[in-house]
Amino acid sequence: MLKKVSTDKAPAAIGPYSQGIIAGDMLFASGQIPIDPSTGDIKGSDIIEQAEQVMKNVGAILAEANTDYTKVVKTTCFLADMADFAAFNGVYEKYFTEKPARSCVAVKQLPKNVLCEVEVIAYLG
C-alpha cells in the first residue's frame, strides 16, 4: 500500500505529483527547490542560500515521514551550473552527514529558474 506524504512545512507540489510517497519501509521524496513554504517565493539569490532552503524543505518532508537525514540512502541533486558544485557540497555535507549514495548532474534549466533541486530516498525502519 502506498501512502502520500504531505506537509505545509515544505512547498506544495507545483504540478501533478506528491511531496513524497511511502512504499513499505521506504520514502521516495519528490525533488525540492528553494521555495519558502510560508510565502511561496524563491528563497535566496545564490547557490548557498538556495541550497539551504532546499535542505530545509527536504528535512520537512523527512520529518513528516518520521525519518531524518541520517536515514537517507540515496539523493539525486540537480544543479543549474556545475560551477556551483563546491559551494553546493559545502551546504549538502552539513545535512547529509551519513554520506548517502548520490548522483549530481547539471541540467539546462530547473523549475522557476532556481539554481538547485534535491530529491531523496530514505529508509523508514
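No value in this document is a laboratory result; all are computed from the given coordinates. Being a predicted model, the structure only gives us computed values, none of them experimental. Here the Cβ positions follow ideal geometry from the backbone for every residue, glycine too, while neighbour counts run over all protein chains shown.
Numerical summary
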| quantity | calculated |
| --- | --- |
| Positive-end residue of Tyr123, Ser103, Ala86, charge dipole of the chain with Cβ unit charges | Tyr123 |
| Cross-link pairs Lys71/Lys94; Lys9/Lys71; Lys9/Lys99 - those with Cα-Cα distance over 22 Å | Lys9/Lys99 |
| Straight-distance crosslink candidates among lysines, where the alpha carbon sits under 25 Å from Lys108 and sequence neighbours closer than 8 are dropped | Lys43, Lys56, Lys74 |
| Segment Asp41-Lys4, extension gain: residue separation times 0.36 nm, minus the distance between their alpha carbons | 10.9 nm |
| Mean Cβ neighbour count within 10 Å, used as a protection proxy, ranking 49-62, 4-17 highest first | 49-62, 4-17 |
| Using alpha-carbon coordinates, inclination of helix 85-95 to the longest axis of the chain, degrees | 30 |
